[in-house]
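These notes are about the structure you will find just below.
The values are calculated or read from the model by the stated rules, or taken from the named source; none is laboratory data. The structure presented is a predicted model; accordingly, all values stated were derived computationally and were not measured. In this analysis, Cβ positions are derived from the backbone assuming ideal geometry, glycine residues included, and neighbour counts consider all displayed protein chains. Areas reflect the complete protein model, heavy atoms only, side chains present, ligands, DNA and RNA absent. Shrake-Rupley method; radii C 1.70, N 1.55, O 1.52, S 1.80 Å.
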Amino acid sequence: MADPSSYRPEPGQIPDSPGVYKFRDEHRRVIYVGKAKSLRQRLASYFQDIANLHPRTATMVTTAASVEWTVVSTEVEALQLEYSWIKEFDPRFNVKYRDDKSYPSLAVTMNEQYPRVQVMRGPKKKGVRYFGPYGHAWAIRETVDLMLRVFPVRTCSAGVFKRSAQIGRPCLLGYIGKCSAPCVGRVTPEEHRELAEDFCDFMAGRTGTYLTRLEQQMHEAAEEMEYEKAARLRDDIGALRRAMEKNVVVLADATDADLIAVAEDELEAAVQIFHVRGGRVRGQRGWVTDKVEAVDTAGLVEHALQQLYGEEKGEAVPKEVLVPVLPEDTGALGQWLAGRRGSNVSLRVPQRGDKKALMETVHRNAQQSLALHKTKRASDLTTRSRALEEIAEALELDGAPLRIECFDISHLQGDDVVASMVVFEDGLARKSEYRRFQIKSFEGQDDVRSMHEVVSRRFRRYLQEKLKTGEWSPEDGEDPLAEDDGRPKRFAYPPQLVVVDGGQPQVAAAKRALEELGIDDVAVCGLAKRLEEVWLPGEDDPVVLPRTSEGLYLLQRVRDEAHRFAIQYQRNKRGKRLKSGPLDEVPGLGESRKQALVKHFGSVKKLRQATIDQICEVPGIGRKTAETVAAALAQAPPAGPAVNTATGEIMEDETPAPAGAASERGTEL
């Protein structure tokens, strides 16, 4: 625990101007980010008597080891920089809202030649119009099913669309009138895009004009005795009215607004947002967060606004944002929101009428969300705590293993040997901390030797992270570390328990790796698959946990997750190797240029026969690259002849060779 006075800036060193500040711990990790109108006044408040600080603030300043700041011109710039740093560094003492689930939205892909209506989750894409989010995907599908009668926009996938175009026959929706069938040319691309735009206008709340136009067309058809057309228009109007009824009118003045409500206690807070467009509730979202910093309701609202609109632009930011309490920097927030939208945004607290009544409804939803979250968490937390206590008791640990790391080795008959490391914190999987390894020191199958290598590499990285603090000195010949940038490091935190998938040999190898590095404060055990026995280093007999033990169940989950992650990586690596071609061996040649080469020449065989000048004719290929490609293909052995498996006939190699599978994203060590 650090003494704040040890890193307190000198008097007069802190500027009296707006800015953003960062507290770092002894490992140089950023643990808190804040902003202030006056950096001098705000930072001085952290260095008073610890007894006068809020308990959470006191914990933060005693965990920190240094503070630094950046001066900005305006409070709006401070708000933007604070949001960027919180997103970049993920500080542990900042309030961070996380969705309790991934809410679905109704999306119209206006960036395609034939826009498609579909349900989408996850991050928003450029050129796609979104409506919602909705509480359930089935609610979107019911609405779309009603509206396709009037707006027969394409809803099929790219594969179905392409197949229908090839066979010249639309899918079932095209036959029953719920798709205009652009795949077979029933409508032109322009006509189909106009349908999609009408669909978007209706979903955006501009319903009155369209319904009036349909009613007028219905009456004209009836007067001209086109009764079938009039009946169809009547049914279309009924379908649209039923779709509108699914979103009850809550504000009579067709307001576009977001209503944000907060329910909180001493430890946690829940935020609920209602998205009102055209006077109707078009979507709802909710977040729950731990109050890891000393923050009041106004601060929670400010954090919620940053989270909600930090990545939004244009109409996604409404004209009006209604909140229960105005944040401290209302003016700066209003300017920031206006900058995101491109026009003025009203940020205020509703005082009376329908908007205040709706705000009370949103607040009740927030209270229910917080109560439900606490009920679920209490039950789950009790089970996880019991499991950790049982593991600590069975393995005779000093305390509950709050961080558990498990290692597993995977290979196929000695080829593509890889390993995985999964992390469980407080009994829950921490997938952002997972790591995967390629075995580098030898070839062939040797699980014990592989386990020793993997554990050594993982904890050698941990020791390197401790190098800057002076807690560990590097051995002779080791390279110094690069400067830390404050981002969270996956190897910076040691586990209390290392679990290996295997028995005595694997456990002994892991223990030997730790001893060679001088690490004696990390427990090691192994879980054998056959009888689910727990093996400890140097013990002849295993520890047998009861089959009904929550501790055994947690160890099994950890082991199975490590096994799954290792198998997945090993299969991906093997698949990539089997699909690789001679172009994959060319250094600096990316996927796009490989495809361009094969497309230009038609096959790798023809590319091998091309001259350097002919290769240079491919767009994006310079002479140096062409020489490298030609040299690599000249050294690579020619592929064997293709054989027709049905007839046994040897075929000419005219088909393009695979350009190699795209490399899997992820971090390897």
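A few comments on the model shown:
- Options Asp426, Asp447: the member that is at negative phi and either in contact with a Pro (Cβ under 6 Å, 6 or more places away or on another chain) or at pLDDT below 85 (or both): Asp447
- Note on segment 263-273: among residues that are open to solvent by less than 20 Å² (accessible area, probe 1.4 Å) and of a type outside the set (A, V, I, L, M), the one that is modelled with the highest pLDDT is Gln272.
- The set of residues in segment 430-447 being open to solvent by 50 Å² or more (accessible area, probe 1.4 Å) and either part of a loop (DSSP other than H, G, I, E, B) or over 13 Å from Val418 (Cβ atoms) (or both) consists of Arg430, Lys431, Ser432, Lys440, Ser441, Glu443, Gln445, Asp446.
- Residues satisfying the stated conditions in segment 304-337, i.e. in a helix (DSSP H, G or I) and open to solvent by 20 Å² or more (accessible area, probe 1.4 Å): Gln307, Gly314, Glu315, Ala316, Thr330, Gly331, Gln335
- Criterion violated by Val362 - all others in (1) modelled with pLDDT under 85; (2) β-branched (Val, Ile, Thr); (3) buried (at least 20 other Cβ atoms within 10 Å of the Cβ) satisfied: (1)
- Cβ separations smaller than 6 Å between residues 6+ apart or across chains give the following pairs from segment 11-38 residues that are touching a residue at least 60 places away in the same chain (Cβ under 8 Å) to residues that are basic (Lys, Arg): Pro18/Lys37; Val20/Lys35; Val30/Lys22; Val30/Arg24; Ile31/Arg92; Val33/Lys22.
- Hits in segment 15-35 (condition: more than 30 Å from Gln464 (Cα to Cα), open to solvent by 20 Å² or more (accessible area, probe 1.4 Å) and not charged (D, E, K, R)): Pro15, Ser17, Pro18
- Boolean, Gln367 is over 24 Å from the mean Cα position of the chain (by Cα), touching a residue at least 40 places away in the same chain (Cβ under 8 Å) and farther than 27 Å from Ala513 by Cα: yes
- Residues (open to solvent by 40 Å² or more (accessible area, probe 1.4 Å) and charged (D, E, K, R)) located in segment 284-300: Arg285, Asp290, Asp296
- Qualifying helices (runs of 4 or more DSSP H) (wholly inside segment 581-630; at least 1 residues being surrounded by 15 or more Cβ atoms within 10 Å (Cβ to Cβ) and in contact (Cβ under 8 Å) with a residue 24 or more places away in the chain): 591-601, 604-609
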